[in-house]
Ligand code: ADP
C-alpha cells in the first residue's frame, strides 16, 4: 500500500500521512485534495513511501491537474521552515497564497438557448446570458457583471446554454529577448558583465557579489547575466526593494529586453497576481521583477536570481514567517544549483565578509561611467556650526543650495522623518502627546492638520488644547520633519520651487512617476524627501544633497546602527552628480567623530569596514557568530515579563550559547500588546535553528500570548 505525506498550508508542526488510492499516480510536488476532519483541503505531496504506518490511513481524494511544485521548491519550503523555525505549512501558505490561482475561473462561450434549455432559465441565468456578449469571456467576470454568483454560470454550462472552452486563461507575458540591444558598456562594465554571464553559463551553484559604487551601472551589468539565463531558456527572478519597484524601474527592463517583465509586489491586484503565479508555475513568465515575497513564487525552471540593493532591510520579512529574502535566495540557488547575483553600492557586512573569505565571487565596479564622478562628502559639525535658533538648516547647507540655484542646478534635502515635527509638547505642563495604545510619540502633520502615530497609523485632528492641562494654544512642535524643513527652505528661497516627497505626499504610482518626471525635467529646484528619495532615481541636474540629521539612525545603541547609517548616507549622497556635472553632499551631525561619518567624509569604505568588522569579531556578533531573537507578546505587562523569564529558565543548556535578557525592545508596547525580547548569541559552530526549535517546543504560550522567533534579527 502506498502512502503519501501531505503538507497543508496551515500553521501546524508538520505533514500528515494519507493512503494513495489504487490507480492514482503521484509525485512529490503534486497538489491534492485530502480530508481533514469533515473538510476537503488542498495540500502538497512532500514525500511518498510504502512503509506501514501502523494505523488505518484516510485516502487522498483527488490529484489536481495543476502543474506540481518542482522538487526543488518543495525542498526550499521545508528548508525555509527549518532554518527560520517556522512551521512548513506556514511557508507553504506563502507559496500558494491564493487557492484561486490553482482553480482559475474558466473561459466560457455561450449559445442561444432553445427548447428545453429555454424553460430552465431563471432570472439570474437570463442576466448572465445578457451580460455574456458575443465573445468568450472569463466565467467569474461575466458573473460579476451580471451581479450573480459564479455558480449560476456553472448551471448554464450544465444545461448546455454555455460551454467551457479549453483556452489558456491568462494572456501570456511578452517574451524578453536577450539579444535586444542594450547600452554600450564601458570596458570595466563589460569585464564585470562577462564574469557574471560566465557564472550563469557554466551552470551550477554560485554566488557573486556585484559591488559597485552608486551610479556605476550595476543594473546594466547584471542585465548581461539575466540575458545569459534567458538564452538558456530558464526563468529569472530579480528581487528589488518594494520601494524601488516603480514604473521607471520596470521600463529599464523593457528597454533592455524589448518586453516589460512580470511584476510582483504588494500593490498588484488579485487578478494580475494570479496571472503571474500561474505563468510562473507554467514556466512561461521568463522574467519576474518583484519584492521579497516573489522568492516564494513556484518557479518551474529558475536559472538565476538577482538581489538588487542586497543590503536593504526591506528584504527581511518581520511578520508571519520571519525570513531574510537575500539569505534565502542563496539557499534557493543552492538547492536548485544555479547562480545568484547580490548587487549593492554598500553591501552588507555579511556579504562583504563572505566575498573576502572567498565564499562569494567579488566583482567590483569602482567608478561611474563616462564623465560622472562620485560626489564629495563633507560633514557639518553642528556643535561648531549650529543652525539659527529654532532652525534646522546650518549656513553651509543654505549656501550650497544657493550656489546650486544660481547655476540652475537642483538640490535635495534628506530627512527620514515624515510630517512636520516628531514630537508635540505642551509648553504649560510638559505633557507629550502619545499614541493611545503604543509606546510612540504622536507626530505633527501640519499639511493635513493631524497628529499621527507612525507605528500604528493612529491619527486624530491636531488638538488646539493640551489634553492634560487644557491650556489653549500651548502645544508646540519639537524637532524637524520634512514639512518643517521645506518650510524653512522656503523662507530662505522664496522664489524656488520646493516639493516634499514622502509616503504622505507620494500618492499612487502614476503620481510618483509624474513627480519624478517633473524633477527630472528640472521643474523642481529643491526636493525635500524621506527614504523614498534614496533609491532608484537618476536626476541628471541634481548636484547637491544635504542630510539634515546624519545622527538619526545612530541613536538607540543598536550595533548595526553604524552600518545602516553608512549605507543610507552613501546611497543618499550618491543621488548627486550622476551626470557630467559634479555633485557634492553635506551631512549635518553632532558626532563627526563617529567612524561611520569619518569614513563617509574620507570616502574610505575600508576604514569603516575595518572598524566595524573588528568590533563584530570582538563581540562575537554576525558574521563571526550567530544571533537569534525571541519576542514575547501579551496583553498584560507583568505576565508578559513572567513568560519571558520562564522562557529563559526553560532554555536548553548547551556550550557556546548565551542568552541575553529579557529586556524591553525600543517599542515596549505596540497596539496594546506588551513586548519583551531575548537575544540568543551562539558560536558559529552551533546549529542555532535546531537549538531554537528544541527550546520552542518546551513552551506553550497561554491564549493571547505569542512567542516569535527571529533568526538573524536585523536590529539588536
Ligand atoms: P547603479 O545601479 O550602479 O547605481 P545604474 O545601473 O542605475 O547604476 O546606472 C546609473 C546611470 O548611469 C543610469 O542612468 C544608467 O543608464 C547610466 N549608465 C550606466 N552605464 C552606462 C554606460 N555604459 N553608458 C551610458 N550610461 C550608462
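By how many nm would the segment from residue 157 to residue 593 lengthen if fully extended, with 0.36 nm per residue of separation less the alpha-carbon distance?
Roughly 149.4 nm would be gained on extension.
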Using only Cα atoms and rounding to the nearest 10 degrees, what angle (0 to 90) does helix 218-231 make with the longest principal axis of the chain? 20
Relative contact order for segment 616-716: what percent, with Cα pairs under 8 Å and sequence separation of 6 or more? 41
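What do you get when you divide the Cα radius of gyration of the chain by 2.2 N^0.38 Å, with N the number of residues?
1.07
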Hull surface divided by four, with the convex hull built on the Cα atoms of segment 116-267: how many nm²? 13.3
Convex hull per residue volume in Å³, alpha carbons only, for segment 581-624: 93
Row for segment 625-711, column shape: gyration tensor on C-alpha, a ≥ b ≥ c, rounded if a/c < 1.5 i.e. under 1.5, prolate if a/b over b/c, else oblate; value prolate
Give me the number: length gained by fully extending residue 62 to residue 624, i.e. 0.36 nm times residue separation minus the C-alpha to C-alpha distance, one decimal in nm. 197.4 nm
Take the Cβ-Cβ distance between residue 149 and residue 497 as r, set R0 to 56 Å, and report the resulting FRET efficiency rounded to the nearest 0.05. 0.60
If I fit a long axis through the Cα atoms of helix 187-202 and take the longest principal axis of the Cα atoms of the chain, what angle between them do I get, 0 to 90°, rounded to 10? 30
Compare the peptides 606-618, 576-588, 61-73 by average per-residue count of other Cβ atoms within 10 angstrom and give them in order, highest first. 576-588, 61-73, 606-618
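What translational D, rounded to a whole number of µm²/s, comes out for segment 631-674 from Stokes-Einstein when the hydrodynamic radius is the Kirkwood one over Cα pairs, at 25 °C and 0.890 mPa s?
Diffusion coefficient, whole number: 214 µm²/s.
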Show me 630-639, 15-24, 326-335 ranked by packing, highest mean number of other Cβ atoms within 10 Å first. 326-335, 630-639, 15-24
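Does segment 108-168 come out rounded, prolate or oblate, given a ≥ b ≥ c as the square roots of the eigenvalues of its C-alpha gyration tensor, rounded meaning a/c under 1.5 and, failing that, prolate meaning a/b above b/c?
oblate
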In deg cm²/dmol and to the nearest 500, what is the mean residue ellipticity at 222 nm of the chain if only DSSP H runs of at least 4 residues count, each as -39500 (n - 2.57), divided by the residue total? -9500 deg cm²/dmol
Express the relative contact order of segment 187-365 as a whole percentage, based on alpha carbon pairs under 8 Å and six or more residues apart in sequence. 36
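Based on the mean of other Cβ atoms within 10 Å per residue, sort peptides 245-254, 277-286 so the most packed one is first.
With the highest mean Cβ count within 10 Å placed first, the list reads 277-286, 245-254.
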Placing one equal point scatterer on each C-alpha of segment 293-399 and summing with Debye, one gets log10 I(q)/I(0) at q = 0.13, 0.15 Å⁻¹ equal to -0.71, -0.81
Given the convex hull over the Cα atoms of segment 438-585, what projected area results after averaging over all orientations, in nm²? 11.1
Can you give the relative contact order of the chain as a percent, counting alpha carbon pairs under 8 Å and 6+ residues apart? 11
For the pair residue 706 and residue 459, the simple spin-label estimate (label points 7 Å beyond Cα toward Cβ) gives in nm 2.4
If each of residue 642 and residue 117 carries a label point 7 Å out from its Cα toward its Cβ, how far apart are those two points in nm? 7.0
Within the chain, what percent of beta bridges assigned by DSSP are antiparallel, to the nearest 5? 55
To the nearest Å, what is the center-to-center distance of segment 350-421 and segment 668-695, using C-alpha atoms only? 36
Rounded if a/c is under 1.5, else prolate if a/b beats b/c, else oblate: with a ≥ b ≥ c from the C-alpha gyration tensor eigenvalues square-rooted, which is segment 2-71? rounded
Full-extension gain between residue 301 and residue 242, please, as 0.36 nm times their residue separation minus the C-alpha to C-alpha distance. 18.8 nm
In nanometres, what is the gap between the two model label sites at residue 667 and residue 270, each 7 Å from Cα along Cα-to-Cβ? 2.9
Segment 139-214 and segment 436-474 have their Cα centres apart by a whole-number Å value of 45
Using the alpha-carbon centroid of each, what span in Å lies between segment 567-595 and segment 7-86? 53
Among 344, 440, 503, which comes first, then next, by fewest other beta-carbon atoms within 10 Å? 503, 440, 344
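Bear in mind these aren't lab numbers, they're just calculated from the coordinates by the rules spelled out. These figures come from a predicted structure and were not determined experimentally. Cβ: placed from backbone, ideal geometry, glycine included. Neighbour counts: every protein chain shown.
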